[in-house]
Amino acid sequence: MSTTWRLTNRIKSLPFNRLSLILTCCLLLGLSPVGAQGFVVTGTVVEGEQQETLIGASVVEKGTNNGVTTDENGRFSLSVSAANATLVVSYLGFDNQEIAIAGRKELQITLGENTALLDEIVVTGYRKEIRSDVSSAISSIKSRDIEKLVVVGIDQVLQGQAPGVMVTQVTGAPGDDIAVRIRGAGSLGNNNPLYVVDGIPTTSNLNMFSPSDIASIEILKDGAAAAIFGSRAANGVVLITTKRGQPGETVFNFEAYTGIQQPVGLPQLLNAAEFLTIRNEAITNANELRNPANRLPTYDPAILDTLPDTDWLDLVFDPAPMQRVSLSAMGGGEQSRFFISGEYLSQDGIYQGQSFDKYQLRVNGDIGNDRFRIGSNLSFSVTERQVINSSGDGFGAGNEPSGIRYTLIAAPVFPVRYADGRLVNVSSELGDPTLFGDGNANPLAFNQNTDWTINRYRMFGSVFAEYTLLKGLNLRTTLGGDLLFERSKLFKEQLSPAIYAPTSLNEGRIFNQTLVWNNSVNFERTFGNHRVSTIIGMEAIQNHTDYLGGSANNFRRTDPLFRYLDASIPAEIGNVSASGIATEWALLSYFGQFTYAYKRRYVISSAIRRDGSSRFGKNNRWGTFPSVSAAWNVSNEPFFEAVDFLSSLKLRASWGQLGNQEIGVYPYSSLVSTGDRVYVFGNNQVATGSNIVEIGNSNIRWETSTQTNFGMDLAFGQDRLSVTADVFRKTTKDILVRVPVPQTGGATRPPFVNAATVQNEGLELGFIYNNRIGKLSYNIGANFTSIRNEVLSIADSEPILGGFGLSDGSLTRTEPGHPVGSFYLWQMLGLFQSAEEIAASPFQSQFTQPGDVKFADLNGDNVIDDKDRQHSGSPFPDFSYGLTLGLNWGGFDFSTLVQGVEGNDVYFLYGNFAYEAQARGFNAYRDILDHWTPTNTDTDIPRVSIDDRNGNRRPSTRFLKDGSYLRVRNISLGYNFANLLPNKQISSLRLYFSVQNAFTFTNYPGLDPEIQANTNDTQGLGISSDLAVGIDWGTVPAPRTFTTGVQLKF
């Protein structure tokens, strides 16, 4: 139906037409000609035991590319060259069969199960293994688990799908980053996993790939599984394998959907009348403690007739369209195979001024024979993102002011426009700062005056060659690369002397080039009851990154045609600047892996990798990362035949060491900045000076993570119910931390030293149940993860502070005995109810009044001061979980995905405004109407006052909230009309309706309980870490998205 994929005005017709032309040309090039046919044969393909039909079985005329796949009833129809032709019939998990037609027009073909093939194939690094021979902790996600999800990037696919994997959005803005943590935070620095796409490693920008191209995702979680990747695997490894062609006729897949995103969970703010009432009461309470000369008058309610009642949230949040179109073709013959796909995605943000567009083209293919084969996996993508900062408040290096924060604090009496239609830029233009605000921006003007675009162009992939030297002995060489060009442009038009002053333009260019060369020898043979597989190889990785930037201030013309550096009119030479730098790093590696299996009962595997990294000093550049694992397939023992209630049982154990080299490029070397100082000597001779920006440490070495894992895989009721359980301990030693330098060292950043140890202990459970009742087939999946995080030691260093909120100092403190980024706060006991209670309590302030917050005196000195702060909570959940349900009946299908966390704490930093009546004229939550008064004492919101003389707003458990939530991520309902169509060339025509983020159940008061971190939390140190996770400055929430779409296969 046309409305299913009808594109709105948001999609520019020209780019879409270009994409369609490109895809059409590529698909036509991929089509293989078929010779003349003269005999039509039809038939059914079934499996041997239950005689159930096999859907998607490949039926190919031998020696040609002419072939089809069976439909939903296991039927096929194929026109062949002659009545005596031979058919090759294949299906994953079954033995191939060659069937001589011998003039027959109708065939019944029965395939027998191949037990070895039926065992699931798992990608384990540089090779594949059957699931029964895997002795380490690996979770798998297949394309069937993805195809009904409406997601933008590959990283979102992981959410709620696998135990031990925590996926958190940074904000709900389109194109924003996703944080992925595998088995907890093991470092005080970078905790991001390594992604390997078709054998090529990467660490970022996963939203530039297409989820529709995924064949499988394997998550290597323990030390034994990930050790083959050595120094880059301490945070886990995500292996992504994209689709490839299969022998047979060309199969096309077309998918299109259109959707509407809606803002949900927006808070209720005070309206104009409520705001004025709270202001008057807050002024009255403050005046009681002020000198008469400093007292402020209250406002006459009659002025409401002259003031607006602005709903700022309604002005900046709107339903937003989202569209996606993808088309792919796959096919091939005995000698060659291909897979070609293209994708266009357009997503507007629910917050004004945000958007994300993506164009992507993939070409995978190979050609050859049983002895020699060459191929490629290539992806080309372009993204364009329009940005309005969605978190934080602009404090800290590189952190821009936040549009959402301006929206939340803007007073409802703050008019949007003047009488002549011009926008009011900032509240200070209106006069009274106590009523209108003290200079905060009009959110609409802020959004309009921010022109921020980030464009990325990427070519990613590899070419490879494989040669079979002997039976089971294969040689492979792969040459790959990741070429990423980023262009950013931020134009800020002045709003006031305090915001965006003066008008400025910042442009940046980044070219990141990573080249990978991998060579390996793989041997795999079975000798009677003995199966041996091994791989040895080397890998060389080289990265070169160029950074180029320019900035200028003061622009006479500010319309888009003049937003270029040459259009500026700088007041002085210092208002124009240019910068450029290049960085390089390299990694040389040798690796090996060996697996031995006996009678498919006993498995032992070991791996080792030796890495040399340029990121370390010459004395510590090489590291060795070994692992060993073993498995016992108990269900293959003769005695197990007597066990009726279990259909399979495997026990696993593993140990391994991994490294982390994501510590910056030059931490071993001091960084010197030149040209920052200019000196004039005699005879007017000018000389420039240099200063040390960062002190290096030539003795730093690898962060090393040691993991021990014990696991068990069980199946019940003829494999209908599968259960996986793992317990693990991951201890990371020699973690790099910065040791403070004496004040005589100036503003120089301190050096890194190997000084900390962090431990994660956890339990992972996974369940999958599959069954059929008549025509109804269904599957239920569940996963559960519990991880305990603890810092064991930080040698020769003070506790590490993080989360620098407003002017109150840090919110988190990382030190031994507590989790990374533990909240360090004063303890709120309640509210003072009387002057007598204040007098009998430890001293807080000479101005403390009934209705103020009462804090705990933890050290018993009868004074509330900085010594009364303590560790009060963790941003990491006690446990996380995911639930999936799938139903199929006739042509109908239904699926849902539920994900949640329990027991984590979130510091609601925006509560400083939400529950307070500040002197600065900011708005608040409507909850503040339930504040303490002499007649309303049963509340936890203190009395209102424009002066915070008791320190009610200090960092305390008052703002520490339970961040637990349960979120229904996806609900999808579809129907396949293929059986109703007269055209049997169409094997599938599915129409569906889907809801993303359908419901969220939480007690958290913020816009979204799913909180990661923002730039404020690192205080400009330029590190990506978990030192301050779960601090909510106010963020754009994840939208609820309704989509309708079509999936067509022909």
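Just a few scattered comments:
- Residue within segment 336-356 that is farther than 27 Å from residue 454 by Cα, without any contact (Cβ under 8 Å) to a residue 60 or more places away in the chain and surrounded by fewer than 23 Cβ atoms within 10 Å (Cβ to Cβ) present: no
- Condition broken by residue 343, with the remaining ones in (1) at pLDDT 95 or above; (2) in the same structural domain as residue 920 (by TED's automatic domain parsing) satisfied: (2)
- The condition of being part of a strand (DSSP E or B) and at pLDDT 80 or above holds for only one of 705, 698, 690, that being 705.
- Residue 301 meets each of the listed conditions (1) more than 30 Å from residue 419 (Cα to Cα); (2) exposed (fewer than 15 other Cβ atoms within 10 Å of the Cβ) apart from (1).
- Some residue of segment 1017-1037 being crowded, with 19+ Cβ neighbours inside 10 Å, modelled with pLDDT of 95 or more and of a type in the set (Phe, Trp, Tyr): no
- Meets criteria (buried (at least 18 other Cβ atoms within 10 Å of the Cβ), closer than 24 Å to residue 913 by Cα and out of contact with any helix residue (DSSP H, G or I) (no Cβ under 8 Å at 6 or more places or on another chain)) for residue 462: no
- If the condition is being in contact with a Leu (Cβ under 7 Å, 6 or more places away or on another chain), of a type in the set (Gly, Ala, Ser) and modelled with pLDDT under 95, then segment 783-803 contributes 802, 803.
- Any chance residue 519 is crowded, with 18+ Cβ neighbours inside 10 Å and under 30 Å from residue 594 (Cα atoms): no
- Answer from 648, 627 - the residue that is modelled with pLDDT of 85 or more, farther than 23 Å from residue 185 by Cα and crowded, with 17+ Cβ neighbours inside 10 Å: 648
- Scan of segment 807-829 for residues that are at pLDDT below 90 and either touching a helix residue (DSSP H, G or I) at 6+ places or on another chain (Cβ under 6 Å) or exposed (fewer than 15 other Cβ atoms within 10 Å of the Cβ) (or both), ordered by number: 807, 808, 809
- Number of the exception - residue 710 against (1) among the hydrophobic types (A, V, I, L, M, F, W, C); (2) under 30 Å from residue 591 (Cα atoms); (3) not in a strand (DSSP E or B): (3)
- Segment 216-248, subset crowded, with 22+ Cβ neighbours inside 10 Å and of a type in the set (D, E, K, R), residue farthest from residue 350 (Cα to Cα): 222
- All conditions but one from (1) modelled with pLDDT under 95; (2) surrounded by fewer than 16 Cβ atoms within 10 Å (Cβ to Cβ) apply to residue 475; the one that does not is (1).
- When the test is whether a residue is at pLDDT 90 or above and not in a helix (DSSP H, G or I), residue 239 passes it.
- Matching entry among 558, 583, 534 (being under 34 Å from the mean Cα position of the chain (by Cα) and surrounded by 14 or more Cβ atoms within 10 Å (Cβ to Cβ)): 534
- Of the strands (runs of 3 or more DSSP E) lying entirely inside segment 263-375, those containing at least 1 residues that are farther than 30 Å from residue 1002 by Cβ and acidic (Asp, Glu) span 336-348, 355-368.
The values are calculated or read from the model by the stated rules, or taken from the named source; none is laboratory data. Quick caveat, the model's predicted, so the values are computed rather than measured. No Cβ is skipped: glycine too gets one built from the backbone with ideal geometry, and neighbour counts run over all protein chains shown.
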